[in-house]
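> Pasting a structure below so you can have a look.
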Amino acid sequence: MNWTLAQEQKPRRFRYLETLTIAFVVILVVSNLIGPKICKFGPLLVSGAQLLFPITYIWGDVFTEVYGYAASRRAIWLGFFGMALLAVMGEIAVLLPPSPNWHNQQAFATIFGLVPRFAIASLAAYWAGEFTNSYTLAKMKLWTGGRHLWARTVSSTVTGQLVDTTVVILIAFWGVETPRNLLIMIGSSYGFKVVYEVIATPLTYLVVGWLKRTEEVDTFDQGTNFSPFAFSK
């Protein structure tokens with residue numbers, strides 16, 4: 001099959017790339033909105049965001065595997081700006097004086113109120129974790145010649161989620177929780193996210209395979225500039 005590789009110079013438009021990018025940003029924004037809810041599963045307490053946010057790593061694997069690191073980098077930055085805009089505009093909306101007849105200010109502030117430390121932790125962790133994830137998968141694809149997708153998706157999640165989880169918990173809770181509790185929080189959250197990815201691996205295979213056939217593309221990032229700040233290949 002005449003698939004397009006990364007070294008081709010002529011740009012082309014893909015049928016599903018923009019739709020997937022929009023879905024990626026929406027998932028990120030929604031995960032921030034549902035994050036304040038704490039859910040109980042037996043002895044485990046997890047944020048509502050943990051049920052949705054790991055999907056962004058699966059999405060990142062799909063972007064990098066099918067369309068290449070540059071497409072993933074673009075989606076990551078769009079997601080970053082979407083999260084930042086939500087945080088800033090949410091805080092502005094909370095600070096606006098409520099009508100005397102509107103009695104939901106406290107509930108509104110709970111969802112949209114900006115706690116600077118947590119906002120910074122979330123943005124920094126997302127940025128560092130997503131780029132680690134995409135970089136790992138892109139490099140491993142070159143090393144393996146495109147084989148063993150399962151090993152690449154799991155390995156990229158292991159590294160990306162380790163960075164993400166460690167950064168967000170250390171920034172958000174350093175000096176508030178004991179070092180022992182910090183390690184427990186990192187370990188439990190990290191384990192949950194990795195297991196999530198492993199369980200989703202068959203679905204990732206199906207989506208990646210379908211996109212490669214439909215889009216007729218299988219990108220290898222040979223000669224790609226892997227800097228997070230490069231907005232061209």
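The values are calculated or read from the model by the stated rules, or taken from the named source; none is laboratory data. This structure is a prediction, so every number in the text was calculated from the model and none was measured. Note that each Cβ is placed from the backbone with ideal geometry, even for glycine, and that neighbours are counted across all protein chains shown.
> Just checking, does region 102-117 include any residue being surrounded by fewer than 16 Cβ atoms within 10 Å (Cβ to Cβ), polar (S, T, N, Q) and outside any helix (DSSP H, G or I)?
Looking for residues that are surrounded by fewer than 16 Cβ atoms within 10 Å (Cβ to Cβ), polar (S, T, N, Q) and outside any helix (DSSP H, G or I), one finds at least one in region 102-117, hence yes.
> Another question about this same structure. Considering VAL163, VAL195, which residue is modelled with pLDDT of 85 or more and either buried (at least 17 other Cβ atoms within 10 Å of the Cβ) or among the polar types (S, T, N, Q) (or both)? Step through it out loud before you land on a result.
Values: VAL195 fails: either buried (at least 17 other Cβ atoms within 10 Å of the Cβ) or among the polar types (S, T, N, Q) (or both).
The match here is VAL163.
> Pick out the one residue from ALA84, ALA70, ALA125 that is out of contact with any strand residue (DSSP E or B) (no Cβ under 9 Å at 6 or more places or on another chain), part of a helix (DSSP H, G or I), in contact (Cβ under 8 Å) with a residue 12 or more places away in the chain and surrounded by fewer than 21 Cβ atoms within 10 Å (Cβ to Cβ).
After applying the criteria, what remains is ALA84.
> While we're on this one: Among residues belonging to region 65-120 that are of a type in the set (S, T, N, Q) and more than 17 Å from the chain's Cα centre (by Cα), point out the one that is farthest from GLN222 (Cα to Cα).
So, considering only residues that are of a type in the set (S, T, N, Q) and more than 17 Å from the chain's Cα centre (by Cα), the one farthest from GLN222 (Cα to Cα) is ASN101.
> Based on what the data block shows, is THR178 touching a residue at least 24 places away in the same chain (Cβ under 8 Å), out of contact with any Leu (no Cβ under 7 Å at 6 or more places or on another chain) and polar (S, T, N, Q)? Can you show your working first?
Working: touching a residue at least 24 places away in the same chain (Cβ under 8 Å): no; out of contact with any Leu (no Cβ under 7 Å at 6 or more places or on another chain): yes; polar (S, T, N, Q): yes.
Criteria not met by THR178.
Per-residue answers, yes or no, for (1) under 17 Å from LEU137 (Cα atoms); (2) in contact with a Gly (Cβ under 8 Å, 6 or more places away or on another chain):
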site	(1), (2)
PRO179	no, no
MET185	no, no
TYR196	no, no
VAL208	yes, no
GLU215	no, no
THR219	yes, yes
PHE226	yes, no
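> List the pairs whose first member sits in region 207-233 and is outside any loop (DSSP other than H, G, I, E, B) and among the charged types (D, E, K, R), whose second member is loosely packed, with under 14 Cβ neighbours inside 10 Å and at pLDDT 90 or above, and whose Cβ atoms are under 8 Å apart, counting only residues at least 6 apart or on separate chains?
Taking only residues 6 or more apart or on different chains, the pairs are GLU215/ARG15.
> Taking PHE192 as the residue in question, decide whether it is in contact (Cβ under 8 Å) with a residue 60 or more places away in the chain and either among the hydrophobic types (A, V, I, L, M, F, W, C) or at positive phi (or both).
It is true that PHE192 is in contact (Cβ under 8 Å) with a residue 60 or more places away in the chain and either among the hydrophobic types (A, V, I, L, M, F, W, C) or at positive phi (or both).
> Hey, among TRP210, TRP174, which residue is farther than 16 Å from VAL62 by Cβ, among the aromatic types (Phe, Trp, Tyr) and surrounded by fewer than 15 Cβ atoms within 10 Å (Cβ to Cβ)?
Working: TRP210 fails: farther than 16 Å from VAL62 by Cβ.
Exactly one residue qualifies, and that residue is TRP174.
> Give the residues of region 26-67 that are in a helix (DSSP H, G or I), among the aliphatic types (A, V, I, L, M) and either within 22 Å of PHE108 (Cβ to Cβ) or touching a Cys at 6+ places or on another chain (Cβ under 9 Å) (or both), sorted by residue number.
VAL26, LEU28, VAL29, VAL30, LEU33, ILE34, ALA49, LEU51
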